[in-house]
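J.: I'd like to ask you about the structure that follows.
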Amino acid sequence: MRSPAVNGTGLIVAGLVATLAALLFPLWSYEDRSGTGLDRLDAETVSTDFGPLSALDRDFITKVRLAGLWELPAGQQAEERGTTKAVRTAGRHLVEGHAFLDARVREVATRLSLELPSQPSPQQRGWLAELSRARGETYNQKFANILRRAHGKVFSVVAEVRANTRNSLVRALSDDANTTVLDHITVLEATGLVDFESIARDAATAGPPPLTRS
């Protein structure tokens, strides 16, 4: 007859093996599945003379073009309507920055044979309309906060593209975009009108739920 100690040891070993199998099975099954992130990356990437061009790269190029289509006229408007020097200065930076970026993105798109949008998105046109209706201090407030929110969202996209792209043209464009967007964020915040509390709350609401311990 086997001793209770031997039986107990066998049960413990069997339990550990079962637990390990349960932990490894999802990993094996995930690796075997089609449609994983790596599969999608390969399927959505095209070859170019400047390196692989992913779907994220193409989306980034489109976003840079779209940003210029509405932020440049918004900057021109701020130069005219801003009632403080800081707001007018921010407007000038937007005009200069997006004039430069728009020329760069059109050059990149041409070399990669990509089509670019010719007008802002509906949401961007809505922001321009909202700014056009505003006057005085209300205009200053709306300009600083609408543009600061938009630049904050673009900033995270630029960082992701810069960290992951395999295309040399996109890498260079993301460097230019990073410099330009950071400059615009800085001058918009220098107006003293940015509602950081509201921006933080919006980001927390829009983002994924925080990680919690089980």
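Read-outs throughout are calculated quantities, based only on the coordinates presented, and are distinct from any laboratory measurement. Model, not experiment: these values are computed from the prediction. Using ideal geometry, Cβ is built from the backbone for each residue, glycine included, and neighbour counts are taken over all protein chains shown.
J.: From the phi of every residue in the stretch 178-183, what ³J(HN,Hα) in whole Hz does the Karplus formula 6.51 cos²θ - 1.76 cosθ + 1.60 yield, where θ is phi - 60° and glycine or proline is x?
T.: Karplus-based 3J(HN,Hα) across the stretch 178-183 equals 4, 4, 5, 5, 5, 4 Hz.
J.: What nm value, rounded to one decimal, do you get for the distance between residue 119 and residue 134 when each label is placed 7 Å out toward the C-beta?
T.: Output for this residue pair reads 2.4 nm.
J.: Taking the inverse of the average 1/r across all pairs of different Cα atoms in the stretch 49-106, what Kirkwood radius in Å do you get?
T.: 12.4
J.: List the trypsin sites (Lys or Arg not before Pro) in the stretch 106-188 that DSSP assigns to loop (not H, G, I, E or B) and whose Cβ has at most 11 other Cβ atoms within 10 Å. Which are they?
T.: For trypsin sites (Lys or Arg not before Pro) across the stretch 106-188 that sit outside H, G, I, E and B with at most 11 neighbouring Cβ atoms in 10 Å, the list reads 135.
J.: Over the alpha carbons of the stretch 53-164, what is the largest minus smallest coordinate on each principal axis, giving the biggest first in Å?
T.: 45, 24, 23
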